[in-house]
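Trainee: Below are the C-alpha cells for one structure; questions will follow.
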Amino acid sequence: TDEQFKNVISHAKEYGFVFPSSEIYDGLSAVYDYGQNGSELKNNIKTYWWKAMVQMNENIVGIDSAIFMHPTIWKASGHVDGFSDPMIDNKDSKKRYRADQLLEDRIAKYDEEGKTSEAEELQIEMDNALKAEDLPRLRELIIEHDIKCPVSGTANWTEVRQFNLMFSTQIGAVADDADVVYLRPETAQGIFVNYLNVQKSGRMKIPFGIAQIGKAFRNEVIARQFIIRMREFEQMEMQFFVRPGTQKEWFDKWKETRLKWHLALGTAPEKYRYHEHTKLAHYADAAYDIEYEFPFGFKEVEGIHSRTDFDLSQHEKFSRKKMQYFDPEVDPETGKPFGNYIPYVIETSIGLDRMFLLTLINAYEEEDLSTDEKQDSRTVLRLHPVLAPVKAAIFPLTKKDGLPEKAREIMDKLKLDFNLQYEEKDAIGKRYRRQDAIGTPFCITVDHQTLEDNTVTIRHRDTMAQERVNADDLDRIIGNLVSW
Ligand code: ATP
C-alpha cells in the first residue's frame, strides 16, 4: 500500500493535479501547488460542500472573512498561549521532533510487538504529562524508553519546548511588537467575530449556521504524508449557533449529516469511521473526528466539535462588546421568551486538501485489461462525475475532412455548461487512456458518419462501453450524469 500511495503521488504530479511548491528551486517543505486538473477537482469539492451546506439549508449562510485579523482575536481564542506543540531537538542530527509524536510512535511499536501493558502504561504517563504541561516529564519518558533519533541514532536530546504553530508577520512599515499580526490558523474565528453582523443583517434566527471556505496556516513541524499535513492549507468550516441546552441534539445531527455527505460520493462505508475524542480541547464539550482509511492507516479528515459558548464568551470578554443574541421564541416551560444568551456552537471542520487526497486515492485504480491474446492495463480515476475535472473530451477521428471543424462546433454548444477538452493528437485509444487518467466520464468521437447524420460515439469511462448518439442529445446525456 506504500507502493500504491507513491503511485498516487506521482500520478498527481504527472497529470497536473498536485505539484510540489517552488519545484525548480528544490521545493518548499510541506507546501504544494494545485495544477490544472487539481484546481478543477478542488473547486468541484468546494462546490459540493457549499451546495450541501449553504444552498440546501435555508438557515445556513456563507461568508468570506479576511486572513488577517486583529491580533487580540488570537489571544481571546487561546491560540497565542495554547496553540503549540511540545518539541525536542536531537543535538547530533539537529533534527526537531514533536515529543508526543516520538512517544506515540514508541507506543505503536510496543503494540506491534505485543507489549500491551508497556504500551498502555506509556500512553497514560504521556497523557498525564501532556495534560499537566509537564515538559521535563515528556523528556524523561523519551529518555526512559530509550527513544533514539531516527536520523542520528542517538538519544542526545535537548529540553522539550513549546513551539507555537502560528505564523506571524507585521502590518505597516514599522516593525513594532504592537503591529504583529498572525496568519489565521483556522477559519472559525472569522465566523465568530462576524456572527452578530451576519445575524443582524441577515435577520437570522437561532438555530442558524455560518459557513466559510478559506486558507489557514500552521507552522507544522513534522511535515509528512504529502498534502495530509501542510503549512498552508484550506478549510471548509461551518459554525452552527444553537440555544444552550440543545447542543447535544445538534451535535448528533451534524455528526450524522456530515458522514452522509462523505458517503453520498459513493465511497465504501467501511473506509470511514468515527473517532471519539477522549482528551477534549479547552473549548469543547464533545468532539468526534470522521476518519478515512488512507493507505497509511485511518486519519482525520473532518472534525465535529461542540464548542460550547467558549469562543463567543471569550470575544465578549476581550472586546468588551456584547455577544448576546435575543431569542424571541417563547419557552414552553416559563411562558416567556428565551431572551438574551450567548449561543452554543457546533462546528464542522473539514480539511479541503485531505478531502482532495482522499478523493484521489479512492478513485485511483490500475485496472488489468489483459486478454488471452495480449497484456493490457490502464490507470483510471473513478471520480464521481460531479467531481471530475473534465466532464467530456471531444475528439475528431482524424485531423482532416472537416472533422475538427465539426468537433469544434459541437464543443462550442456545450462548453459554457461543462468543462471540456479538445484533443486531436494520437490514436483514439491513446486519447481515451489520457482521459481515463484524469477521470473524464465521457469521450466523444466525431467521425465521417457525424457529417452525414449528426451522430457521434460516446465512450463511458468506467465500462469503456461505446454507443452512438445524436450530437443534439449530448447536452442531456452529459448533464444527467454530471449535474448536481
Ligand atoms: P491533526 O490532529 O491531524 O493535526 P487537527 O485536529 O489539528 O488535525 P483541526 O484543528 O480540527 O485539525 O482542523 C480541522 C481539519 O483541518 C482537520 O480535520 C484536517 O482535515 C484539516 N487540517 C488541519 N491541519 C492541517 C494541515 N496542517 N494540513 C492540511 N489539513 C489540515
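The values are calculated or read from the model by the stated rules, or taken from the named source; none is laboratory data. As the structure is a computational prediction, the values presented were derived from the model and not from experiment. All Cβ positions, even for glycine, are placed from backbone atoms using ideal geometry, and neighbour counts span all protein chains on display.
Trainee: Do we find that residue 338 is at pLDDT 95 or above, assigned to a strand (DSSP E or B), away from the ligand (no atom under 16 Å from the Cβ) and among the hydrophobic types (A, V, I, L, M, F, W, C) in this structure? Walk me through it before giving the result.
Mentor: Details: at pLDDT 95 or above: yes; assigned to a strand (DSSP E or B): yes; away from the ligand (no atom under 16 Å from the Cβ): yes; among the hydrophobic types (A, V, I, L, M, F, W, C): yes.
Answer is yes for this residue.
Trainee: Can you list the strands (runs of 3 or more DSSP E) lying wholly within segment 377-484 that have 3 or more residues being at pLDDT 95 or above and among the hydrophobic types (A, V, I, L, M, F, W, C)? Working first, answer last.
Mentor: Values: elements: 377-381, 392-396, 420-422, 442-446, 455-460, 466-470.
Correct list: 392-396, 442-446.
Trainee: Something else now. Quick check: is even one residue across segment 315-327 touching a helix residue (DSSP H, G or I) at 6+ places or on another chain (Cβ under 6 Å), part of a helix (DSSP H, G or I) and in the same structural domain as residue 258 (by TED's automatic domain parsing)?
Mentor: As a first pass, look at segment 315-327 and keep what is touching a helix residue (DSSP H, G or I) at 6+ places or on another chain (Cβ under 6 Å): 315, 318, 323.
Going one step further and asking which of them are part of a helix (DSSP H, G or I), we end up with 315, 318.
Okay, now just the ones that are also in the same structural domain as residue 258 (by TED's automatic domain parsing), so 315, 318.
Yes, segment 315-327 contains a residue that is touching a helix residue (DSSP H, G or I) at 6+ places or on another chain (Cβ under 6 Å), part of a helix (DSSP H, G or I) and in the same structural domain as residue 258 (by TED's automatic domain parsing).
Trainee: Only residues in segment 437-465 that are of a type in the set (Asp, Glu) count as the first member; pair them with residues that are surrounded by 13 or more Cβ atoms within 10 Å (Cβ to Cβ) and assigned to a loop (DSSP other than H, G, I, E, B), Cβ under 9 angstrom, at least 6 apart or cross-chain, and list the lot.
Mentor: 447/397; 447/398; 462/382; 462/441
Trainee: Of the residues 39, 22, which single one is closer than 15 Å to residue 359 by Cβ, at pLDDT 95 or above and of a type in the set (Gly, Ala, Ser)?
Mentor: Among 39, 22, only 39 is closer than 15 Å to residue 359 by Cβ, at pLDDT 95 or above and of a type in the set (Gly, Ala, Ser).
Trainee: If you don't mind, there's one more thing I want to ask. Restricting segment 288-316 to residues that are near the ligand (Cβ under 10 Å from one of its atoms) and in contact with a Ser or Thr (Cβ under 6 Å, 6 or more places away or on another chain), which is farthest from residue 85 (Cα to Cα)?
Mentor: The residue in question is 304.
Trainee: Name the residues in segment 177-222 that are surrounded by fewer than 20 Cβ atoms within 10 Å (Cβ to Cβ), assigned to a strand (DSSP E or B) and touching a Lys or Arg at 6+ places or on another chain (Cβ under 7 Å), would you?
Mentor: 217
Trainee: Quick one: which residue in 114, 27 is more than 29 Å from residue 239 (Cβ to Cβ) and in contact with a Pro (Cβ under 7 Å, 6 or more places away or on another chain)?
Mentor: Checking each option against the conditions leaves just 27.
Trainee: What's the number of the only condition in (1) buried (at least 16 other Cβ atoms within 10 Å of the Cβ); (2) modelled with pLDDT of 95 or more; (3) over 21 Å from residue 61 (Cα atoms) that residue 228 fails to meet?
Mentor: Condition not satisfied by residue 228: (2).
For (1) assigned to a helix (DSSP H, G or I); (2) surrounded by fewer than 19 Cβ atoms within 10 Å (Cβ to Cβ), each residue gets a yes or a no:
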{"site": "41", "(1), (2)": "yes, no"}
{"site": "48", "(1), (2)": "yes, no"}
{"site": "58", "(1), (2)": "no, yes"}
{"site": "66", "(1), (2)": "no, yes"}
{"site": "70", "(1), (2)": "no, yes"}
{"site": "75", "(1), (2)": "yes, yes"}
{"site": "86", "(1), (2)": "no, no"}
{"site": "105", "(1), (2)": "yes, yes"}
{"site": "117", "(1), (2)": "yes, yes"}
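Trainee: Here's a follow-up. Go through (1) under 27 Å from residue 6 (Cβ atoms); (2) modelled with pLDDT of 95 or more for residue 214 and report which single condition fails.
Mentor: (1)
Trainee: Among the residues that make up segment 317-328, is at least one of them over 25 Å from residue 194 (Cα atoms), out of contact with any His (no Cβ under 9 Å at 6 or more places or on another chain) and more than 16 Å from the ligand (Cβ to nearest atom)?
Mentor: no
Trainee: Looking at 141, 103, can you tell me which residue is more than 23 Å from residue 282 (Cα to Cα) and not assigned by TED's automatic domain parsing to the domain that holds residue 220?
Mentor: Values: 103 fails: more than 23 Å from residue 282 (Cα to Cα).
Step by step, each of 141, 103 is checked, and only 141 is more than 23 Å from residue 282 (Cα to Cα) and not assigned by TED's automatic domain parsing to the domain that holds residue 220.
Trainee: Of the residues 270, 302, 256, which single one is free of Cβ contacts under 8 Å to residues at least 60 places away in the same chain, assigned by TED's automatic domain parsing to the domain that holds residue 233 and crowded, with 17+ Cβ neighbours inside 10 Å?
Mentor: Selected residue: 302, the only one of 270, 302, 256 that is free of Cβ contacts under 8 Å to residues at least 60 places away in the same chain, assigned by TED's automatic domain parsing to the domain that holds residue 233 and crowded, with 17+ Cβ neighbours inside 10 Å.
Trainee: Of all residues in segment 286-310, which are over 23 Å from the mean Cα position of the chain (by Cα) and acidic (Asp, Glu)?
Mentor: Filtering segment 286-310 down to residues over 23 Å from the mean Cα position of the chain (by Cα) leaves 308-310.
The one that is over 23 Å from the mean Cα position of the chain (by Cα) and acidic (Asp, Glu): 309.
Trainee: From the list 204, 166, 126, pick out the single residue that is more than 19 Å from residue 76 (Cα to Cα) and within 16 Å of the ligand (Cβ to nearest atom). So that I can check it myself, show each step before the final result.
Mentor: Values: 204 fails: within 16 Å of the ligand (Cβ to nearest atom); 166 fails: more than 19 Å from residue 76 (Cα to Cα).
Of the residues listed, the single one that is more than 19 Å from residue 76 (Cα to Cα) and within 16 Å of the ligand (Cβ to nearest atom) is 126.
Trainee: Going through segment 341-355 one residue at a time, which ones are in a strand (DSSP E or B) and within 16 Å of the ligand (Cβ to nearest atom)?
Mentor: 345, 346, 347, 348, 349, 350, 351
Trainee: Condition first: closer than 21 Å to residue 389 by Cβ and without any contact (Cβ under 8 Å) to a residue 12 or more places away in the chain. Can you find one or more residues in segment 466-482 that meet it? Steps first, answer last, please.
Mentor: So in segment 466-482, the residues closer than 21 Å to residue 389 by Cβ come out as 474-475, 477-482.
Remaining after also requiring without any contact (Cβ under 8 Å) to a residue 12 or more places away in the chain: 480.
Looking through segment 466-482, at least one residue is closer than 21 Å to residue 389 by Cβ and without any contact (Cβ under 8 Å) to a residue 12 or more places away in the chain.
Trainee: Among the numbered criteria (1) within 16 Å of the ligand (Cβ to nearest atom); (2) surrounded by 19 or more Cβ atoms within 10 Å (Cβ to Cβ); (3) in contact (Cβ under 8 Å) with a residue 24 or more places away in the chain, which single criterion is violated by residue 285?
Mentor: Of (1) within 16 Å of the ligand (Cβ to nearest atom); (2) surrounded by 19 or more Cβ atoms within 10 Å (Cβ to Cβ); (3) in contact (Cβ under 8 Å) with a residue 24 or more places away in the chain, only one is false for residue 285: (2).
Trainee: Anything in segment 229-255 that is of a type in the set (S, T, N, Q) and within 16 Å of the ligand (Cβ to nearest atom)? List them, or say none.
Mentor: Scanning segment 229-255 gives 235, 239.
Trainee: Residue by residue through segment 27-39, note down the ones that are within 15 Å of the ligand (Cβ to nearest atom) and in a loop (DSSP other than H, G, I, E, B).
Mentor: Of everything in segment 27-39, those that are within 15 Å of the ligand (Cβ to nearest atom) and in a loop (DSSP other than H, G, I, E, B) turn out to be 28, 29, 30, 31.
Trainee: Another question, if that's okay. What's the total number of residues in segment 358-376 that are at pLDDT below 95 and in a helix (DSSP H, G or I)?
Mentor: Number of matching residues: 0.
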